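In what follows, a structure is listed as C-alpha cells, so that the remarks can point back to it.
The values are calculated or read from the model by the stated rules, or taken from the named source; none is laboratory data. The structure presented is a predicted model; accordingly, all values stated were derived computationally and were not measured. Reconstructed Cβ throughout: ideal geometry from the backbone, glycine too, with neighbour counts over all protein chains shown. Please note that ligands, DNA and RNA were not included when accessible areas were found on the heavy atoms of the full protein model with its side chains. Shrake-Rupley method; radii C 1.70, N 1.55, O 1.52, S 1.80 Å.
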Amino acid sequence: NKANSLDRNTWDAIGEAFRWADHEKSVRATILSGEGNTFCAGIDYGLIMEIISKANGLEEGEKQEFVLETIRDLQKSFTAIEKCRKPVIAAIHGSCYGGGIDLISACDIRLGTSDSKFCVKEIDLAIVADVGTLQRLPHIVGQGVTRELAFTGRTFTGDEAYRIQLLNHVYTSQEVLLAEARNLAETIAEKSPLAVRGTKQVLNRCRDLSVDDGLEYVAAWNAGQLLSRDGQEAFSAMVEKRKPDFQD
C-alpha cells in the first residue's frame, strides 16, 4: 500500500507474521524492512476515518468501548513483535513516521540509513501515541529524549537516530543496510536457538523488574535450561575446536 502506511490489513498481517515466526522452529532470527522508497509512513488515514465513522454510529458508552477495543487490537499486533521469541531486526530506510516508530520500538535491534527520517508524528494529529512508542521508546533513548520528540513532533535523520541510540548502526545506502541486516541475522542464527530465545525473554521480563528480582528470574530460568542439548553441543564444540551445530 502507499508508502507502507499501516492500514488494517497490514496491521493484522504484522501480528500474524510474528506469531507465526514465534512458533516456527526453523526461524531463528527475523528482519523487518519496507518495500519501495520508504519504511513506514505511519497509520493510514483511511483507517483513522474508518474508526471515527464506526464510532460516531454508536451510542455513548458503546462508542468509547469500541475505540478502546480497537486500540487494544492494534497494540496486540506490535506486541507480537516483542513477544516473538526470535530476535527481530528492523532495517529502516526512507521515512519512519508515527506508527512506524511504534513498530520499530517493539523490535530488538534497529539498523538504518544515514538519510532515513524519523518522527513521532502523533502530536501533530492532536492525539497521544497509543501503540507503544511512549511505553517502549524511553527504555531505548531515555525519558528526556522521548519527551522532546513526542512533544515537538520534529523530524530527525538516521544520523541523529544513531546518536540518541535509537539505531544500533547506520549505513550509506539501502543495499548496504539490507546486506548488513542479513549478516547480523545470520550471525544470530548460528547461535543456540534455545539460548537466544531465553535471552530475549529474560531481557523483556527483566526490563520491568528490579535488579534483585531480575537476578532471581534468570536464576530460575537457567536452572531449567542450563543442562540443555544446546549447552552440551556448545561445550563439545569448544573442546573439539569446531563450530557448533545447533538443531532447530
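The table for this structure:
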quantity: Sites L203 and R147, calculated FRET efficiency, Cβ-Cβ separation with R0 25 Å, nearest 0.05; calculated: 0.55
quantity: Extension reserve of the V128-A13 stretch, reckoned as 0.36 nm per residue once the Cα distance is removed; calculated: 39.0 nm
quantity: Cα centre as origin, Lys/Arg/Asp/Glu Cβ charges: the range 119-164 dipole, Debye; calculated: 100 debye
quantity: Largest-first ordering by accessible area, 1.4 Å probe, given options L111, L203, L194; calculated: L203, L194, L111
quantity: Rounded, prolate or oblate (a/c below 1.5 giving rounded, otherwise prolate when a/b exceeds b/c) for the range 122-231 by Cα gyration tensor; calculated: oblate
quantity: Lys/Arg +1, Asp/Glu -1 at C-beta; the chain dipole; positive extreme among S105, I14, P87; calculated: P87
quantity: Full-extension gain in nm, V176 to E65, via 0.36 nm per residue minus C-alpha separation; calculated: 35.4 nm
quantity: Accessible area, probe 1.4 Å, largest first, for residues W221, W11; calculated: W221, W11
quantity: Per-residue SASA entry for R205, accessible area with 1.4 Å probe, Å² rounded to 10; calculated: 110 Å²
quantity: Cα→Cβ-extended label distance, 7 Å offset, between S26 and I52, nm; calculated: 4.6 nm
quantity: Residue with peak Gaussian network fluctuation, the chain [Cα springs, cutoff 10 Å], from G46, G34, G158; calculated: G46
quantity: Rg and Dmax of the range 13-97, Cα atoms only, in Å; calculated: 16.1, 48
quantity: Folded to 0 to 90 degrees: helix 193-206 orientation relative to the chain principal axis, Cα; calculated: 50 degrees
quantity: The range 122-216: relative contact order in percent, alpha carbon pairs under 8 Å with at least 6 residues between; calculated: 16 percent
quantity: Helix-only [θ]222 nm of the chain, DSSP H runs n ≥ 4, -39500 (n - 2.57) each, per residue, nearest 500; calculated: -17500 deg cm²/dmol
quantity: Max mean-square fluctuation residue, GNM over the chain, Cα-Cα springs under 10 Å, options D130, D159, D208; calculated: D208
quantity: Gaussian network model of the chain, springs between alpha carbon atoms under 10 Å - residue of T133, T38, T187 with greatest fluctuation; calculated: T187
quantity: Debye, to nearest 20: dipole size of the chain, +1 on Lys, Arg Cβ, -1 on Asp, Glu Cβ; calculated: 680 debye
quantity: Assigned charges on the beta-carbon of Lys, Arg, Asp, Glu; the range 90-192 dipole about Cα centre (debye); calculated: 180 debye
quantity: Principal axis box of the chain, alpha-carbon based, largest edge first, Å; calculated: 67, 44, 34
quantity: C-alpha long axis of helix 143-152 to longest principal axis of the chain, angle in °; calculated: 30 degrees
quantity: Positive-end residue, the chain charge dipole about Cα centroid, Cβ charges, pick of T38, G198, L166; calculated: G198
quantity: Difference of contour (0.36 nm per residue) and Cα-Cα distance, S33 to L226; calculated: 66.1 nm
quantity: For the range 71-158: rounded, prolate or oblate by the Cα gyration tensor [a/c cutoff 1.5]; calculated: oblate
quantity: Portion, in percent, of the accessible area of the range 124-248 that falls on carbon or sulfur, probe 1.4 Å; calculated: 55 percent
quantity: Solvent exposure of the range 117-206 as accessible area per residue, Å², 1.4 Å probe; calculated: 54 Å²
quantity: Accessible area, probe 1.4 Å, largest first, for residues R136, R154; calculated: R154, R136
quantity: In Å², nearest 10: area of V88 left accessible to a 1.4 Å probe; calculated: 0 Å²
